[in-house]
Amino acid sequence: MRSGALEMGSEVAKGAASGPVIRGAAVVDFFLRVVAIIATLGSAIAMGTTNETLPFFTQFIRFRAKYTDLPMFTFFVVANSVVSAYLVLSLALSIFHIMRSRAHASRVVLIFFDAGMLALLTAGASAAAAIVYLAHKGNSRANWIAICQQFNSFCERISGSMIGSFGGILIFVVLILLSAVALSRR
């Protein structure tokens, strides 16, 4: 009999301690969303403003490299922009979870949409990463030369924008895990 009372008491203590833990997870969730906004929006801006022009033989003939020259880079900018907009909108739910730590249905919806945005961001980043690799290394079988030897600034900016996007992917994985842990603590 006594062991049953101790078990029940430990469950009550565990339930009382889970409230601050869930609220702390909600605060971390909010902070990670702000960091992810900065990472994805920075990646979209860095890629979207990438432009370099090199003179050829004369002043009138020039080679130009822009992100719009390749559809994968355009998809990358659109994907990062959509994810940034979603993250801004999801801040409202994150604030709601800080105030009402017992919200269950909204956290499930947030996990669902976070997973969708993770897939979109991963697709955009991997499509752009393939082209960035070809820009740096080239492909002799496809007769595609490495352009980063000529377009240094262009390649530095597109490589830098990839870092922010892959950072956003890692943050989304942590956000999904954090929300799942907060749901399991109820």
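The values are calculated or read from the model by the stated rules, or taken from the named source; none is laboratory data. Keep in mind that what you see is a predicted model, and the values were worked out from it rather than measured. All Cβ positions, even for glycine, are placed from backbone atoms using ideal geometry, and neighbour counts span all protein chains on display. When the accessible area is computed, the model is the full protein with side chains, heavy atoms only, and any ligands, DNA or RNA have been set aside. Shrake-Rupley method; radii C 1.70, N 1.55, O 1.52, S 1.80 Å.
Some points to look at:
- Computing FRET efficiency as 1/(1 + (r/R0)^6) for H136 and A115, where r is the C-beta to C-beta distance and R0 is 30 Å, gives about 0.45.
- Estimated inter-spin distance, A92 and V108, nm [label 7 Å along Cα→Cβ]: 2.1
- Available extension along the chain between E156 and S126 is 9.1 nm, counting 0.36 nm per residue and deducting the alpha carbon span.
- Each eigenvalue of the Cα gyration tensor of region 68-186, multiplied by 5 and square-rooted, gives one semi-axis; in descending order these are 37, 12, 11 Å.
- Surface accessible to a 1.4 Å probe, per residue, for the residues of region 68-186, Å²: 52
- Sites I45 and A180, calculated FRET efficiency, Cβ-Cβ separation with R0 41 Å, nearest 0.05: 0.85
- With R₀ set to 35 Å, the beta-carbon distance separating F31 from T68 gives a calculated FRET efficiency near 0.55.
- Per-atom-type breakdown for region 68-186 gives carbon and sulfur 72% of the accessible area (1.4 Å probe, protein chains only).
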